[in-house]
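This report concerns only the one structure given below.
What follows is calculated from the coordinates using simple rules that are stated; it is not laboratory data. Keep in mind the model is a prediction, meaning the values are calculated, not measured. Reconstructed Cβ throughout: ideal geometry from the backbone, glycine too, with neighbour counts over all protein chains shown.
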Amino acid sequence: MPLKLVIANKAYSSWSLRPWILLAHFKIPFEEIVIPLDLPDTRKRILKYAPTGKCPSLHDGAISVWESLAIVEYLAEKYPDKAIWPKAKAARAHARTLSSEMHAGFQALRQHCPTNFRRPVRKLELTEAVEADVARIEAAWAEARKTFGAAGPFLFGRFSAADAMFAPVVNRLHTYDVKVKKATRDYMDAIMALPAWKAWIKDAEAEEWRLEKYDSM
Ligand SMILES: N[C@@H](CCC(=O)N[C@@H](CS)C(=O)NCC(=O)O)C(=O)O
């Protein structure tokens with residue numbers, strides 16, 4: 001039975017991109033169920049799959065996993081040959097640390113710059129709190145790249161779960177035209193060049209659902 005991934009609209013769902021880009025990049029077969037946000041039956045539909053009423057959730061036969069980071073961990077355990085986390089212990093510990101930091105933090109950036117994968121690039125004035133989040137993200141990426149990134153353009157060289165966890169932030173920095181250092185831009189460009197990233201954007205653009213609260217930002 002194929003894995004089933006339940007996600008929200010690709011245009012607006014940052015959390016859903018994480019497991020999706022990981023599955024797509026590592027060519028793990030899965031079936032996708034898209035539940036559009038903010039419709040009268042959205043909550044009821046998501047609750048059929050996850051008790052939190054949130055997307056994404058992953059279903060592997062009788063096993064259900066929700067919370068994007070837990071899904072990433074489940075996939076890493078199920079596919080040990082895929083190097084979803086970096087193989088070396090120190091790199092893996094660091095990748096997990098950054099992924100937890102991302103999962104739990106950067107609230108100011110998230111609130112100020114909502115995810116919209118269809119948004120044309122347009123500058124938005126940032127608050128001090130958002131600038132502080134961006135500075136920490138840039139520092140975290142630079143340190144990972146410098147210490148562990150020699151084998152490729154991603155945080156730990158080859159694409160890993162840490163990149164999947166940060167992928168939605170790449171969209172926020174790009175679309176809100178946030179001023180970033182060259183090394184940050186190079187990393188963003190590497191993510192945006194991935195076939196899996198491009199496939200997600202193409203699907204987002206083809207979606208018919210529109211949410212004014214995000215499209216007007
Ligand atoms: N911490 C959760 C957050 C999930 C989340 O907030 N998902 C949003 C979509 S991006 C959602 O399902 N919202 C539905 C709703 O609030 O009705 C995770 O990492 O999976």
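Restricted to helices (runs of 4 or more DSSP H) entirely inside the stretch 134-217, those with at least 3 residues that are closer than 22 Å to Glu101 by Cα and in contact with a Leu (Cβ under 8 Å, 6 or more places away or on another chain) are 161-175, 182-192.
Here's the yes/no breakdown for (1) assigned to a helix (DSSP H, G or I); (2) within 10 Å of the ligand (Cβ to nearest atom):
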{"position": "Tyr12", "(1), (2)": "no, yes"}
{"position": "Trp20", "(1), (2)": "yes, no"}
{"position": "Ile28", "(1), (2)": "no, no"}
{"position": "Asp38", "(1), (2)": "no, yes"}
{"position": "Ala70", "(1), (2)": "yes, yes"}
{"position": "Glu73", "(1), (2)": "yes, no"}
{"position": "Arg92", "(1), (2)": "yes, no"}
{"position": "Leu98", "(1), (2)": "yes, no"}
{"position": "Glu101", "(1), (2)": "yes, no"}
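Here is a yes/no grid of residues against (1) surrounded by fewer than 16 Cβ atoms within 10 Å (Cβ to Cβ); (2) under 24 Å from Ala199 (Cα atoms):
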| site | (1), (2) |
| --- | --- |
| Arg92 | no, no |
| Ala95 | no, no |
| Ala104 | yes, no |
| Arg110 | no, yes |
| Lys123 | yes, no |
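Just one of the listed residues (Lys48, Lys54) is crowded, with 19+ Cβ neighbours inside 10 Å and either within 10 Å of the ligand (Cβ to nearest atom) or more than 19 Å from Trp200 (Cα to Cα) (or both), and it is Lys54. On the given criteria, is Pro80 free of Cβ contacts under 8 Å to residues at least 24 places away in the same chain and away from the ligand (no atom under 11 Å from the Cβ)? So Pro80 passes the test. In the stretch 151-159 there is at least one residue that is aliphatic (A, V, I, L, M) and in contact with a strand residue (DSSP E or B) (Cβ under 6 Å, 6 or more places away or on another chain).
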